[in-house]
1. So if I check each of Q406, Q417, Q440, which one is at positive phi, in contact (Cβ under 8 Å) with a residue 24 or more places away in the chain and not basic (K, R)?
2. Go through (1) in contact (Cβ under 8 Å) with a residue 12 or more places away in the chain; (2) more than 24 Å from D221 (Cα to Cα) and name the single condition E262 misses.
3. Which of (1) part of a loop (DSSP other than H, G, I, E, B); (2) in contact with an Asp or Glu (Cβ under 8 Å, 6 or more places away or on another chain); (3) farther than 22 Å from R204 by Cα does V239 not meet, given it meets every other one?
4. Just one of (1) open to solvent by 30 Å² or more (accessible area, probe 1.4 Å); (2) in contact with an Asp or Glu (Cβ under 6 Å, 6 or more places away or on another chain) trips up S140, so point out which.
5. Out of curiosity, is L151 aliphatic (A, V, I, L, M), free of Cβ contacts under 8 Å to residues at least 40 places away in the same chain and not assigned by TED's automatic domain parsing to the domain that holds I63?
6. Can you tell me which residue in segment 40-88 is farthest from F120 (Cα to Cα), limited to those that are in contact (Cβ under 8 Å) with a residue 40 or more places away in the chain and β-branched (V, I, T)?
7. All but one of (1) more than 16 Å from ligand 2 (Cβ to nearest atom); (2) open to solvent by less than 70 Å² (accessible area, probe 1.4 Å) hold for A364; state the number of the condition that does not hold.
8. Quick one: which strands (runs of 3 or more DSSP E) sit completely within segment 245-336 and have at least 3 residues that are in contact with a Cys (Cβ under 9 Å, 6 or more places away or on another chain) and open to solvent by less than 20 Å² (accessible area, probe 1.4 Å)?
Amino acid sequence: MQRILREHFGFQDFRENQEEIITNILQKKDVFAVMPTGGGKSLCYQLPSKLLKGTVVVISPLIALMKDQVDAAIENGFSAAYLNSSLPVEEVFAIYRKIHAHSLDLLYIAPERLAMPHFFETLKTVPIAMFAVDEAHCISEWGHDFRPDYLSLSSIAGNFRDIPIAAFTATATAQVQEDIIRKLSLRDPFVVRASFNRKNLFYRVEKKIDVEKQVHRFIMDHPGAAGIVYRATRDSVDVLATYLSKHGIRALPYHAGLSTEERTRNQNAFSKDEADIIVATIAFGMGIDKSNVRFVIHADLPKHIEGYYQETGRAGRDGEPSECVLYYTPGDAYKIRFFINQIEDETERSTVEAKLVRMCRYAAVNVCRRRQLLEYLGETLKSDNCGTCDVCVGAYDQRDITTEAQIAMSAISRTGQRFGRLYIIDIVMGKATKRVIEFQHDKIKTFGTGSHKGKDYWLAIIDELLVQELLIQDGDRYPVLKLTKKGSAVLFGGESVSANMRPEIKAEVVRKVSRTEAGSQFEDYDPVLFDMLRTVRRRLADDQGVAPFMVFSDKTLHEMCRRYPTTAEKLGDITGVGQYKLERYGDDFITEIKAYLENNPAIGQHLRR
Ligand code: ADP
Ligand code: ZN
């Protein structure tokens, strides 16, 4: 096992649970494993293919990903192929010949293939090492993307009695687990439930003020890095993608309103590092395997924490530090609520509403973000300070805002709780608009008491009061502000309020924090060399017709940019450089690194010291 891990994958150590899973498979036991995205599931079924007799049959619903998975396996020295409805018939025949010749380590198929009697019979006549069921929650009606096709997998256990089945999913609920085990008839399986704590992800929430500008600034702080920006609607996707492109950023849109060709084209461009940013609705993600996504931004509020966790999970699969940012304003919750209110079924409506409330709380309260996410997934974070979220690194700067809160709430109360934010701010700031005069609100006591501060400041205060649920937005057509019980307690009952009115966190701080706090593996690397090696990687990937991250991950390049390997032996010691990739790509990288060191003798001297 260790030898194959090193030679084929170029890794020195197994990740959590991988070794146990593989050992059980080798002992022909069934396995059920829940592991988060990026947990390293694929290695668990790829590695045994070199140790067991016969082919590993991998069943996956993600047809769009199969080619990528097969390409990546071939890059690592596996003989691999896939069968699905997209292939021309000659290719299908060629693969059947390979199956009969027992020459495949890995065969990827879509579930409907297994439902074809002819194919099923073929499998019975050739040696099979194991069945790996990827995205196994698809067989469960409780899973979020149930596929009827998956039900055909129920017949594997009965027909292949001595062959182990390993089921993998990133969906954690106990109900789904039970359902999968039962539907696949797993035989006394070895069960693994990995932690869902993604230690390399930095979580933070920012106040959403002018989100296009905020996203733009964030991206400018992360030059050349790949990122996904999620938006709630197709229109807002188009607007943001256009805005970013106009500012010279390589950004592309992705949503269900685009043609299939355009979606595929944009996704491929992103996968191949030809575009840095994908701006997308949540339609984007299922078919993305890219390991070097350095950040996931939510420019609009997600509807629930499951979704948020899953979408942010697409960052940092390679284990390198990555960021997850949510731009939050209570106004977004108001918009979502508008749709929730149209749900007729009362039970469903209250379930959806409760999920939204949890999502808002995640963004609003000053409690470790990681703790909140994990708690939602049924896991308790052990340490008090996770070290890699905005709350834990102390980005919060609490200030007493009782006076400001009283001014705003008094204006709301004295005008009868019938007006929206902008009108209230006019009163607070003492603006005698036509409307204000009409209602004689220039006569109330609060008029002008907040004129020493600007409009943005008061907008931020009202947002904060909404976040802390001292105010709610109510009303069918226009949102009007009303006091809650908590709000009344501050206005009339002498309670105080504090808030975090901090400036945005600088990218630099996050980078430094995630490197020092999250452990020594996140050391710095040489950014100039990284850019050069990235270019080499792009060129090699283009030549091979694969995505750059399949040649080497960011993690691997980062390590090269710390250790400057100039011999094949040293390069082979780097995580992710297996024997096959060393032979194929080693020289190109060594040449580049050598040239770089020659041009920068100071670095060379430093290394020799
Ligand atoms: P999942 O399918 O669970 O989302 P993958 O199988 O795609 O995860 O693996 C995620 C990333 O982790 C890949 O880039 C993979 O190369 C890397 N990886 C997997 N196992 C290891 C390991 N033992 N050491 C280092 N990196 C690993
Ligand atoms: Zn934290």
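The values are calculated or read from the model by the stated rules, or taken from the named source; none is laboratory data. From a predicted model like this one, the values you see are computed outputs, not experimental measurements. Every residue, glycine as well, gets a Cβ built from its backbone with ideal geometry; the counts of neighbours run over all protein chains shown. Please note that ligands, DNA and RNA were not included when accessible areas were found on the heavy atoms of the full protein model with its side chains. Shrake-Rupley method; radii C 1.70, N 1.55, O 1.52, S 1.80 Å.
1. Going through Q406, Q417, Q440 in turn, just one is at positive phi, in contact (Cβ under 8 Å) with a residue 24 or more places away in the chain and not basic (K, R): Q417.
2. Unmet for E262, out of (1) in contact (Cβ under 8 Å) with a residue 12 or more places away in the chain; (2) more than 24 Å from D221 (Cα to Cα): (1).
3. (1)
4. Of (1) open to solvent by 30 Å² or more (accessible area, probe 1.4 Å); (2) in contact with an Asp or Glu (Cβ under 6 Å, 6 or more places away or on another chain), only one is false for S140: (1).
5. It is false that L151 is aliphatic (A, V, I, L, M), free of Cβ contacts under 8 Å to residues at least 40 places away in the same chain and not assigned by TED's automatic domain parsing to the domain that holds I63.
6. It comes out as I63.
7. (1)
8. The qualifying strands (runs of 3 or more DSSP E) are 293-298.
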